[in-house]
Amino acid sequence: MNENIIIINCGSQFTQLIARRLREMKIHSVVVNWDISCEKISEYSPKGLIISGGPDSVNEPDAITIDPKIFEIGCPVLGICYGMQLMAKINGGIVNSGEKNSSEYGVTLIQKTNENSLLLNENFPDKFNALMSHGDNVSKLPEGFVSTTKTQSNVIASIENQSKKFFGLQFHPEVVHTENGEKILRTFVFDICKCSGDWDLSDWVEHTISNIKNTVKDEKVVCGLSGGVDSSVSAVLVNRAIGENLQCVFVNHGLMRLNEPEQVMEQYKKLGLNVIYVDASEKFLSELSGVTDPEQKRKIIGRLFIEVFEAEAKKIEGAKWLLQGTIYPDVIESGIKGKKGAALIKSHHNVGGLPEKMNLKLLEPLRDLFKDEVRALGKIINMPDEVINRQPFPGPGLAVRCLGEITKKRLDTLREADAIFREELKRAGLYKNIWQAFCVLLPVRSVGVMGDSRTYNEVIVLRAIHSQDAMTAEWSRIDFDVLDKISKRICNEVKGINRVVLDVTSKPPATIEWE
Ligand code: XMP
């Protein structure tokens, strides 16, 4: 049994980031929903509790709240943002809503006000920048608490009750924008909760394989492979657990990159997976014909994928489970069903839909992990680098990069340009350090001149970004000479393109994909 930290999720977009930070410190954590009872939490014998942020205001009548007996369990508690406000309110303090200076969003300078803080101890700088994202603030401390830092507008930024080992932070230590945020979490788990750091990712692999064995037993599992890291790692893990009882299906929707379906099938063979290949490209293209709205495209692709996959899966006798390579950013960006918080940004096509429709039980071993953790896992289970380091590729494929109407001709244009972009980045030694690099085809025509003739052709966008987890991203600064070569090659070699532009937008405000 590993030591546990329990993270109580009150609906923050950052909750799994807290879990991830703990994993980086070799600490095992369990994320539970806010409505869990104190008794259930005690069953985990936690070394400490963390209450996450959340989108509510503690003063609203139907705001998320937690079982107040949680504060009697006897282990240290850290409340983050909304979690701190809940801690203050439940223990008798007052939280201000909507008053002047009560809200702060973005990176804010924080100043220490108490030299004897246990959490922000003597090793901690007097001033530091931290990410704030709150509308309310604690205006009266509960009995037994002291404030330890404040912002420049005099808002209480952290509190603690040293004898009970209750700590509250108005800012987010789990995000990279908070300086020394990791140090705060380390102090909490190691010095205050007395964790030893007895967990690592290979424990996760062993634990997950044995869990899959015990859950699935001798029943059959079907899996839709996409060519990507997430579904491949999930399939190899499940294959290790149940062998031949895993049957994979690869649906070619006609929206893959140049030569990709063939390359992907070859890799699966090498990994020893049992894969049925289905070419459904004509069906997808005919149903997408004339559709230009991004969400409608995603919905059609999602529905067709279900139909095609379902028809194949039905042929697999005795299938009881559906394996999906869902990872955490997919879950959060698609909105968490039935829970407060997490707004819908895009309908990611690999979440939802399938299992309910097919009457299959759902297996999602990677659901709580981030992409780089999945890659680390792939290494632990000895998967080849070319699979592990494949750049993320969206489920709806080139459909969300081919803006406007999707036709075979426009897709082929996009494929050719995209292949040139990636080839030149590889040649310049840049590709492997970029999170994602791809082309987008715009349904916009501009005038050009080639030879002595006028052209009136569509535009290719070069999109390359750096990211840690796809939740935020920074556009990549690619050398101008490399860009020049790419632009010349695309205009010269790809029929129908006379202009190449570079996307210099980060996420936020843009998303990585254009649709
Ligand atoms: P956005 O465009 O939302 O993308 O910033 C975040 C990451 O997710 C990928 N993406 C998808 N992946 N199904 C997927 O499996 C999808 O429907 C989907 N849409 C976007 C995108 O490539 C980026 O890595």
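Worth a mention:
- Check on Leu369, touching a Phe, Trp or Tyr at 6+ places or on another chain (Cβ under 9 Å), in contact (Cβ under 8 Å) with a residue 40 or more places away in the chain, within 30 Å of Ala241 (Cβ to Cβ) and more than 16 Å from the ligand (Cβ to nearest atom): no
- Filtering region 274-301 to residues that are surrounded by fewer than 20 Cβ atoms within 10 Å (Cβ to Cβ) and within 25 Å of Val221 (Cβ to Cβ) leaves Asn274, Val275, Ile276, Tyr277, Val278, Asp279, Ala280.
- Within region 429-463, the residues that satisfy the criterion of being more than 13 Å from Arg401 (Cβ to Cβ) and within 29 Å of the chain's Cα centre (by Cα) are Gly429, Leu430, Tyr431, Lys432, Asn433, Ile434, Trp435.
- Of all residues in region 423-447 being assigned to a helix (DSSP H, G or I) and crowded, with 20+ Cβ neighbours inside 10 Å, the one that is nearest to the ligand (Cβ to nearest atom): Leu425
A quick yes/no check of all residues on (1) out of contact with any His (no Cβ under 8 Å at 6 or more places or on another chain); (2) hydrophobic (A, V, I, L, M, F, W, C); (3) farther than 26 Å from Ile380 by Cα:
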position: Glu179; (1), (2), (3): yes, no, yes
position: Glu182; (1), (2), (3): yes, no, no
position: Cys193; (1), (2), (3): yes, yes, yes
position: Leu201; (1), (2), (3): yes, yes, no
position: Ile209; (1), (2), (3): yes, yes, no
position: Val216; (1), (2), (3): yes, yes, no
position: Leu225; (1), (2), (3): yes, yes, no
position: Gly228; (1), (2), (3): yes, no, no
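- For region 315-327, a tally of residues being in contact with a Lys or Arg (Cβ under 7 Å, 6 or more places away or on another chain) and either near the ligand (Cβ under 10 Å from one of its atoms) or of a type outside the set (A, V, I, L, M) (or both) returns 5.
- Checking the stated criteria, Ala399 turns out not to satisfy the condition of being buried (at least 17 other Cβ atoms within 10 Å of the Cβ), in a helix (DSSP H, G or I), hydrophobic (A, V, I, L, M, F, W, C) and more than 14 Å from the ligand (Cβ to nearest atom).
- Screening the candidates Val291, Val205, Val222 for the property of being in a strand (DSSP E or B) and either charged (D, E, K, R) or touching a helix residue (DSSP H, G or I) at 6+ places or on another chain (Cβ under 6 Å) (or both) yields one hit, Val222.
- Any hit, region 306-320, residues being modelled with pLDDT under 95 and in a strand (DSSP E or B): yes
- Taken over region 448-464, the criterion of being surrounded by fewer than 13 Cβ atoms within 10 Å (Cβ to Cβ) and either modelled with pLDDT under 95 or among the hydrophobic types (A, V, I, L, M, F, W, C) (or both) is satisfied by Val449, Met450, Gly451, Asp452, Ser453.
- Of all the residues in region 370-396, those that are outside any helix (DSSP H, G or I) and either under 20 Å from His466 (Cβ atoms) or in contact with a strand residue (DSSP E or B) (Cβ under 9 Å, 6 or more places away or on another chain) (or both) number 7.
- Residue match in region 267-281 (condition: free of Cβ contacts under 8 Å to residues at least 12 places away in the same chain, assigned to a helix (DSSP H, G or I) and not hydrophobic (A, V, I, L, M, F, W, C)): yes
- For region 448-479, taking the residues that are part of a loop (DSSP other than H, G, I, E, B), among the charged types (D, E, K, R) and more than 16 Å from the ligand (Cβ to nearest atom), the one that is nearest to Gln391 (Cα to Cα) is identified as Arg477.
The values are calculated or read from the model by the stated rules, or taken from the named source; none is laboratory data. Just so it is clear, the model here is predicted, and its values are computed rather than measured. Every residue, glycine among them, receives a Cβ derived from its backbone with ideal geometry; neighbour counts consider all protein chains shown.
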